[in-house]
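This report concerns only the one structure given below.
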Amino acid sequence: MTRNFDYVVIGAGVLGTAAAYWLARSGESNVLVVEQFALGHDRGASEDHSRIIRHSYHSTTYTALTHAMYEHWSELEAQTGMQLVTRTGGLDLAVTGTAGEEELANYRAALRPFDIPAEDLDAAAIRDRWPQWRIDDDVIGMYQSDSGILDVRRACAAQIAMARRLGVEFAPHTTVLDLAPTDDCVVISTDRGPITAGNVVVCVASWIEKFLPCLGLRWNISLTQEQVGYFATPNLAEFSPDRFPVWIWHGDTDLFYGFPVYGEAAVKISRDFSGRFITSDERSSRPDPEDTALFRAFLEQRLPAAAGPELLSKTCVYDLPPDRDFVIDRVPGHPRVTIGLGAAHAAKFGNLLGHLLADLARTGTTAFAVDAFRADRPALDDPAFVSAFRMGR
Ligand SMILES: Cc1cc2nc3c(=O)[nH]c(=O)nc-3n(C[C@H](O)[C@H](O)[C@H](O)COP(=O)(O)OP(=O)(O)OC[C@H]3O[C@@H](n4cnc5c(N)ncnc54)[C@H](O)[C@@H]3O)c2cc1C
């Protein structure tokens, strides 16, 4: 028997659960979330203890949204009584005379129009404040005090709970096989039978490939295999969230980033964009020892007191549009289908983007500036577009 809903959200990660929450909060009473795995599973991009949340970004496209981003999480925290954001401060570092220094300049420039304060620090000041860092005199930094940790797993759970409270239904272990948009509804084929929906919100991140043909889209979305490492430092107190900030090292080749001790009795380190391109079927949950060695080498060189034994490593897949900007829009030619693609930097914006997606699905408009995230922008399907996966470069 075909089940009918006004809204069906596909994907129960941080974007999908936020969209469902905001649809219900906007008064929609007949909303279903379909998820191929269990709710809270660990195979997507919205699992793990921590994701960096920050104002500091390479472009005003994003800094224009960061105040609202923080407000959305604060409101959800107030509603749930749960702490989702831990402010640790954030340190962006680079070596003078490198491309990294230019990136920092872009970050600084993107903060100014929105009066977001940041401190410029030289190597001595950094070493003085965080003696954990072993850096040469040619290193500079930019400190922003609102940066910190979004507990993305808790955030998803909070959004699911609030959505349920507002009447949203969830169908885990249900895989969407195909979408057939018509003029007056969308027919959704799943491995548990058909569903019809007045409107569909697609938030499937690195599984987007499957949905492009049925929506007539020819986007060049790249997938990369990524990894994070937890290292069991014996110096837990030195790396506690109230003594050590989240950090981003704007290296010439690799952009490394890391977290104080949070979620595990360990520090966490990773790099942004490994360059390991894969297809959706090639994704692997087996960590690569080469990455572990790379992360350990970075810690031994720059944060030696953090370099304990590897506690655990996790893999994850990036969903990368060629310009690395979000896609938050209705599908051209299919106004009943709205897509949210986070370009592998959306956890921090999760609740806000859910709000935008709900607005667009309901009315086709939103009060927020989303022109840069249009689904018909040339970068998405222009074969001549030169990919720019490293943000701010
Ligand atoms: C290693 C790593 C580090 C990151 N660090 C940061 C960071 O520090 N800060 C930050 O802001 N962002 C960061 N990100 C990006 C951020 O995590 C993602 O942008 C965000 O989590 C994406 O959420 P999502 O809901 O779009 O995707 P997901 O959480 O992947 O959810 C998509 C869901 O769709 C479901 N699905 C897919 N296909 C189907 C189908 N056919 N039928 C039913 N269900 C389906 C999947 O099972 C999944 O649950 C990082 C990402 C990675 C991988």
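The values are calculated or read from the model by the stated rules, or taken from the named source; none is laboratory data. Treat the numbers as computed from the prediction; the structure is a model and nothing was measured. We place every Cβ from the backbone using ideal geometry, glycine too, and count neighbours over all the protein chains shown. Only protein heavy atoms, including side chains, enter the accessible area calculation; ligands, DNA and RNA are left aside. Shrake-Rupley method; radii C 1.70, N 1.55, O 1.52, S 1.80 Å.
Summary table below
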{"quantity": "Assigned charges on the beta-carbon of Lys, Arg, Asp, Glu; segment 262-329 dipole about Cα centre (debye)", "calculated": "320"}
{"quantity": "Kirkwood hydrodynamic radius (C-alpha pairs) into Stokes-Einstein, segment 190-240, 25 °C and 0.890 mPa s, D in µm²/s", "calculated": "156"}
{"quantity": "Cα-based Rg of the chain normalised by 2.2 N^0.38 Å, two decimals", "calculated": "0.97"}
{"quantity": "Cα-Cα separations in segment 158-281 greater than 26 Å, expressed as whole percent", "calculated": "51"}
{"quantity": "Max mean-square fluctuation residue, GNM over the chain, Cα-Cα springs under 10 Å, options 214, 203, 185", "calculated": "214"}
{"quantity": "Cα pair distances exceeding 14 angstrom across segment 128-196, given as percent", "calculated": "78"}
{"quantity": "Theoretical gain in end-to-end length, residue 4 to residue 71 [0.36 nm per residue, Cα-Cα removed]", "calculated": "20.7 nm"}
{"quantity": "Pair residue 26, residue 387: separation of 7 Å Cα→Cβ label points (nm)", "calculated": "3.2"}
{"quantity": "Tail beyond 28 Å, pair distance distribution of segment 71-210 (Cα, percent)", "calculated": "50"}
{"quantity": "Gaussian network model of the chain, Cα within-10 Å springs - most flexible of 370, 202, 246", "calculated": "370"}
{"quantity": "Solvent-accessible surface (1.4 angstrom probe) belonging to residue 59, in square angstrom, nearest 10", "calculated": "30"}
{"quantity": "Point-charge dipole on Cβ atoms (K/R +1, D/E -1) for the chain, about Cα centre, debye to 20", "calculated": "820"}
{"quantity": "Centroid-to-centroid separation of segment 1-58 and segment 262-282 [C-alpha atoms, Å]", "calculated": "22"}
{"quantity": "Where N is the number of residues in segment 290-366, Cα Rg divided by 2.2 N^0.38 Å", "calculated": "1.66"}
{"quantity": "Gyration tensor (alpha-carbon) shape descriptor, segment 335-393, a/c threshold 1.5", "calculated": "oblate"}
{"quantity": "Whichever lysines have a C-alpha closer than 23 Å to that of residue 268, once near sequence neighbours (fewer than 8 apart) are set aside", "calculated": "314, 348"}
{"quantity": "Cα-centre dipole for segment 39-81 with unit charges at Cβ (Lys and Arg positive, Asp and Glu negative), debye to 20", "calculated": "180"}
{"quantity": "Separation between Cα centres of segment 104-147 and segment 337-393, rounded to whole Å", "calculated": "29"}
{"quantity": "Additional length obtainable on full extension of the chain from residue 243 to residue 278, 0.36 nm per residue less Cα span", "calculated": "8.8 nm"}
{"quantity": "Exposure ranking of 253, 190 by accessible area [1.4 Å probe, largest first]", "calculated": "253, 190"}
{"quantity": "Rg followed by Dmax, in Å, when segment 1-97 is reduced to its Cα trace", "calculated": "17.2, 65"}
{"quantity": "Fully extended contour minus Cα-Cα distance, from residue 236 to residue 78, at 0.36 nm per residue", "calculated": "53.9 nm"}
{"quantity": "Extreme residue, positive dipole direction of the chain, given options 45, 392, 318 (C-beta unit charges)", "calculated": "45"}
{"quantity": "Heavy-atom accessible surface of the chain: percent carbon and sulfur, 1.4 Å", "calculated": "49"}
{"quantity": "Å² of accessible area per residue within the chain, as computed with a 1.4 Å probe and no ligands counted", "calculated": "39"}
{"quantity": "Alpha-carbon Debye profile of segment 245-327, log10 I(q)/I(0) at 0.10, 0.21 Å⁻¹", "calculated": "-0.28, -1.15"}
